[in-house]
Amino acid sequence: KQAALRAKTEETRSSLLSAVSHDLRTPLASITGAATSLRDDAELAFSTRSELVESIVDEAERLERLVGNLLDMTRLESGGIALKHDWVPLDEMIGSALTRLEARLEDRGIAVSIASDVPLVRVDPVLFEQVFVNLLENAVKYTPRKSPIDIIARREGEHVTIEIRDHGS
């Protein structure tokens with residue numbers, strides 16, 4: 001039974017690595033390309049050099065987030081992280097996620113609508129906030145610049161439904 005569990009864990013880890021390989025390679029390719037341009041072309045205009053440096057910083061930060069998420073998911077799968085369920089206000093987790101992404105969301109209209117009857121939710125607040133961060137990053141990545149993002153939460157019986165809506169294809 002333990003061997004089967006180890007095999008399943010390894011299969012999950014392998015699938016996860018396969019799924020994120022593109023997301024890891026993309027920022028690395030951008031960093032390499034920008035750094036190579038800076039190294040090889042001493043005649044670049046100051047504004048171009050600044051854009052390349054900014055691209056390197058942005059992509060390195062993105063890569064750091066991706067690797068952090070990957071490590072967290074691996075620790076969760078292996079039981080290395082114990083979930084800490086607490087009763088927390090949904091608006092605090094959403095607000096914290098929005099604060100973490102403030103620079104990336106600055107050109108977006110963010111509309112948050114939480115129904116007045118939404119109760120506290122029992123979740124691991126750190127991990128659940130990360131869910132919001134990941135979903136919002138996806139919305140930014142896959143929608144046109146300046147398109148709005150809506151966050152809607154409502155009570156449905158004993159459950160809370162949360163939607164993050166973007167306006168992309």
For residue 52, only one of the following conditions fails: (1) in contact with a Leu (Cβ under 6 Å, 6 or more places away or on another chain); (2) outside any helix (DSSP H, G or I); (3) aliphatic (A, V, I, L, M). What is its number? (2)
So if I check each of 53, 88, 57, which one is β-branched (Val, Ile, Thr) and touching a Pro at 6+ places or on another chain (Cβ under 7 Å)? 88
Within region 125-148, the residues that are open to solvent by 40 Å² or more (accessible area, probe 1.4 Å), of a type outside the set (A, V, I, L, M) and within 11 Å of residue 166 (Cβ to Cβ) are 138, 141, 142, 144, 148
Hits in region 54-74 - residues which are open to solvent by 40 Å² or more (accessible area, probe 1.4 Å) and closer than 27 Å to residue 120 by Cα: 72, 73
Can you tell me which residues in region 99-124 are open to solvent by less than 40 Å² (accessible area, probe 1.4 Å) and under 15 Å from the mean Cα position of the chain (by Cα)? 101, 105
How many residues, within region 111-169, are touching a residue at least 60 places away in the same chain (Cβ under 8 Å) and either among the small types (Gly, Ala, Ser) or touching a strand residue (DSSP E or B) at 6+ places or on another chain (Cβ under 8 Å) (or both)? 3
Give the number of residues within region 46-92 that are modelled with pLDDT of 90 or more and under 30 Å from residue 18 (Cβ atoms). 4
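The values are calculated or read from the model by the stated rules, or taken from the named source; none is laboratory data. Everything numeric here is computed off the predicted structure, so don't read it as measured data. No Cβ is skipped: glycine too gets one built from the backbone with ideal geometry, and neighbour counts run over all protein chains shown. SASA here: full protein model, heavy atoms, side chains in, ligands and nucleic acids out. Shrake-Rupley method; radii C 1.70, N 1.55, O 1.52, S 1.80 Å.
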